[in-house]
Structure formats: structure tokens, C-alpha cells
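**Student:** Quick one: structure below, then a few questions.
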Amino acid sequence: MKCFVTGASGFVGSNLAHELVGRGHRVKALLRAGADDRGLLGLKYDHVTGDLLDRPLLERELQGCDWCFHVAASYHLWLPNYKPMYEANVEGTRNVLEAAGKAGCRKIVYTSTVGCIGVPKMEAGKFTPTNESALATEADMSNDYKRSKFRAEAVAMELFRKKALPIIIVNPSAPIGPGDVKPTPTGQVILDFLNRRMPAYLDTGLNWVHVRDVAIGHIFAAESGRFGERYILGNKNGNWTMQQTFAVLQELTGIPAPRVKIPYWFAYRVAEVNEMISKITRRPPRAPIGGVRMAKYKMWFDPTKAINMLGLPQTPPKEAFANAIAWFRSNGYVKK
């Protein structure tokens, strides 16, 4: 298949591009001018320089493509001005999906996030991971990134319902593994631990998944996903608290895990001060309020639907962490 991939220089996008080429598909990658394309080194692909807001370019370059993977997104938990993020994530999504439909793409896979799915509620003293049927509202979105992605997913569903575009939605959880060039916020957790910059932690929970499984999940969604449905790309054994996460990191590295747990109220006050400073310096805060609000909830999810219907791989999360650690160390991210 000839595949159009947006966000191909990103963590998930670059892994997806490698998986597609490795399976014999042809990739046409849309990259912004000056994008860091280290994740695509050694890969044979067609390079298109452009922007999600350039509708004529999208319509032209999507001609002749069989599959479209819209992975690109502006991911920031703090910005001095959030308007460009909404434009990229919401209007950019509309542009890509409509252009793909106009070009006659047979499958359009849109990369959303588990942040658009309802979070687990405590019942009988424990959290039960939620699945695709757990609905959320825009009021549930704890920051502008999640709010912009919620609106973008709504655009995707609208285009499926009103224009019958062949759209399939995937909702990755917290991917980790090799090739996290920037790195992502989840990768930064591992990197801060490796560089001993994690003296304390905020109690939260994430669903960890190998980035390779997420990339393969995109391909399987294009192959056998149902139009108008969404699939959680996570790991059934990856719902860990941060205490569990650091215990595994300690086991893999020998570096002592942080023992101090920060109360939520204290973390929120620190984030408020950080953002006040950022308004002056114009530099992103180390602890943005949006990130603290996300950490208030256990982001635990049940990927059974993707496992049963798509055949989503389930690489052990511990292996994913080991792969991420090895990649960061071999690529010079860890200080001696």
C-alpha cells in the first residue's frame, strides 16, 4: 500500500513509518520545515515538506495514496498562547481527514489519545480500568492539549457520520521504547530517572505500552479496524502506579527509586509558581498545571477490544522499559 503519514518525525510516527516500510508498504511522510528527522534515519521514504493547515498541499500529496495515518499533533502541557495548538490539532485534523477522503484513500487512521476516554472511577476501594465505551465530555478534559484532542476526535467522528469517510480511531496510552528522540513526556520520566533528577514523585497511574505495539496497532487498524470505531492501543498488564513504575526502573538499572511521595495539593501549588515564572521567562515550566491535573487520575485502560479485534501485540511493559533505557543510554541521553 502507498501510505501517507503525518507526524512521521515524532515518536509514534517514526516507529510507524519503520513498521510500514518493513512490511513492504511505501511511505510518503509529511514533515514540517526543519523537523528533527533523526527517527527516520536509514529509512527509505518519500519526503513532503508542509503544514497541516496547507489544504491545497494535502489534497495534492494525498492523491494516489491507499492509506492515510494522521499521527501529527501539537503536544504541549504549557504554552504562552494555545491558539496555534488548537489550529494544528483541530483544524489540521479536519484538513487531513477531508483531504484524504477527497483523494479516495480507502482507510484513514486517526491517532487520538486515551485522554479522550473516561477515566476509571474508584469502586469498592479500587480502580477498574475503563474501555472505549467509557464516555467523557469536554468538561472532563484537564488541560488544553486534551481539550484540543477531544475536539479533534469529535471532528473525526463527525466526518465519519456525515460524510461516510472511512475513518478508524486509535487511542494510544503511554508509549515507551526506542526512538524517543525529543523525548516525549513519558520518555522524559525514564530519562529523568536515569539522570537522577527524580527525587520525589506524584502518585498517579499510567498504562504503559511498547511503542512498537502502538505502531503495529495502527497498521492492524488499517487492515481490519471497523469504520467509525475507536481502539485503545495499550497493554492489559501495563496499568501501573508510579511507585510500581519506579520499582521496575530500579530493578532494571540499579538506581534507587524515589521514596518521597508528593501530595497533590503541594504539587499543584508548585505548578502555579512555575507557571507564574514561565509567564516572565517565556520558558516552559518544569511542572505545568496541566500535567499535575492529569496526574490526579489513574489513567488505567483496558485494551481488550484491540487485542481481540485487531490482534494488538502485548509486549511486556518491563521489556518496553528495558528497550527505552538501552536506547537512551546508547544515544547519549544519559549523563556519565
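The values are calculated or read from the model by the stated rules, or taken from the named source; none is laboratory data. Small disclaimer: the values here were computed from a predicted structure and weren't measured. We place every Cβ from the backbone using ideal geometry, glycine too, and count neighbours over all the protein chains shown.
**Student:** Mind counting the residues in segment 159-177 that are in a loop (DSSP other than H, G, I, E, B), closer than 15 Å to Y231 by Cβ and of a type in the set (A, V, I, L, M)?
**Tutor:** Of the residues in that region, 0 qualify.
**Student:** Hey, among the residues in segment 298-312 that are surrounded by fewer than 21 Cβ atoms within 10 Å (Cβ to Cβ) and touching a Phe, Trp or Tyr at 6+ places or on another chain (Cβ under 9 Å), which one's farthest from Y231 (Cα to Cα)?
**Tutor:** Among those residues, the one meeting the criterion is G311.
**Student:** Taking segment 115-133 as the search range and keeping residues that are in a strand (DSSP E or B) and out of contact with any Lys or Arg (no Cβ under 9 Å at 6 or more places or on another chain), which one is nearest to S173 (Cα to Cα)?
**Tutor:** Top of the filtered list is K126.
**Student:** For R282, which of the numbered conditions (1) in contact with a Pro (Cβ under 7 Å, 6 or more places away or on another chain); (2) surrounded by 15 or more Cβ atoms within 10 Å (Cβ to Cβ) fails to hold?
**Tutor:** (2)
**Student:** Further question: Contact list please: Cβ distance under 6 Å, first residue in segment 247-261 and more than 18 Å from A320 (Cα to Cα), second residue modelled with pLDDT under 95 and not in a helix (DSSP H, G or I), pairs at least six apart or on different chains.
**Tutor:** The qualifying pairs are P258/M198; P258/P199; P258/A200; P258/Y201; V260/A200; K261/D203.
**Student:** Now a separate question. Between residues in segment 61-84 that are in contact (Cβ under 8 Å) with a residue 40 or more places away in the chain and buried (at least 17 other Cβ atoms within 10 Å of the Cβ) and residues that are assigned to a loop (DSSP other than H, G, I, E, B) and among the aliphatic types (A, V, I, L, M), which pairs lie under 7 Å by C-beta distance while being six or more apart or on different chains?
**Tutor:** That search, which allows pairs on different chains as well, returns W67/M1; C68/L62; A72/L52.
**Student:** Just to be sure I understand, how many residues within segment 35-65 are assigned to a loop (DSSP other than H, G, I, E, B) and closer than 24 Å to V211 by Cα?
**Tutor:** 9
**Student:** Among the residues of segment 11-40 satisfying the criterion of being aliphatic (A, V, I, L, M), under 20 Å from L52 (Cα atoms) and touching a residue at least 24 places away in the same chain (Cβ under 8 Å), which is surrounded by the fewest Cβ atoms within 10 Å (Cβ to Cβ)?
**Tutor:** Looking at the filtered set, the residue picked out is A35.
**Student:** Let me ask you something else. Taking the conditions exactly as written (in a helix (DSSP H, G or I), within 21 Å of the chain's Cα centre (by Cα), surrounded by fewer than 21 Cβ atoms within 10 Å (Cβ to Cβ) and of a type outside the set (A, V, I, L, M, F, W, C)), does E223 satisfy them or not?
**Tutor:** yes
**Student:** Being touching a residue at least 12 places away in the same chain (Cβ under 8 Å) and within 13 Å of the chain's Cα centre (by Cα) is true for just one of P166, P120, P178, P185. Which residue is that?
**Tutor:** Sole residue among the options that is touching a residue at least 12 places away in the same chain (Cβ under 8 Å) and within 13 Å of the chain's Cα centre (by Cα): P185.
**Student:** For segment 271-308, which positions are assigned to a helix (DSSP H, G or I) and of a type in the set (D, E)?
**Tutor:** Listed by number, the residues that qualify are E272, E275.
**Student:** Looking at this structure, is G217 among the small types (G, A, S), closer than 26 Å to I289 by Cβ, out of contact with any His (no Cβ under 9 Å at 6 or more places or on another chain) and touching a residue at least 24 places away in the same chain (Cβ under 8 Å)?
**Tutor:** no
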